[in-house]
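Working notes, structure below.
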Amino acid sequence: MISKELDRAGLPVALISAMYPLAQQVGASRIVKGVRIPHPCGDPSLPPEMDARLRRDIVDSAIKALQKEVSGPTLFLPSIAFRE
């Protein structure tokens, strides 16, 4: 997985994925839980303003994940609850 290689090279990476268990299994260090496979960074079934808030929260979670030191696969959850 490319995120592991970038991390190994000293570039922190936050992987946004709806398939977070798989990302954990392959050893990605910072994993942000996405919404669904076709739309990991949002939910087009939501009203536009809610979708925008959700997308912003997911990206904010990824930015915060980049600022954290981790020693192994770590899952970061957006603060906004969304349907699965």
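The values are calculated or read from the model by the stated rules, or taken from the named source; none is laboratory data. Bear in mind that the values here come from a model prediction, so they are computed numbers and not experimental data. Note that each Cβ is placed from the backbone with ideal geometry, even for glycine, and that neighbours are counted across all protein chains shown. Remember, those area values only see protein heavy atoms, side chains included, never the ligands or the DNA or RNA. Shrake-Rupley method; radii C 1.70, N 1.55, O 1.52, S 1.80 Å.
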Is it the case that some residue within region 32-42 is open to solvent by less than 60 Å² (accessible area, probe 1.4 Å), of a type in the set (A, V, I, L, M, F, W, C) and modelled with pLDDT of 95 or more? yes
Report, ordered by the first and then the second residue, all pairs with beta carbons closer than 8 Å, sequence separation of six or more or different chains, a first member in region 54-77 that is over 10 Å from ARG30 (Cβ atoms), and a second member that is among the acidic types (Asp, Glu). LEU54/ASP43
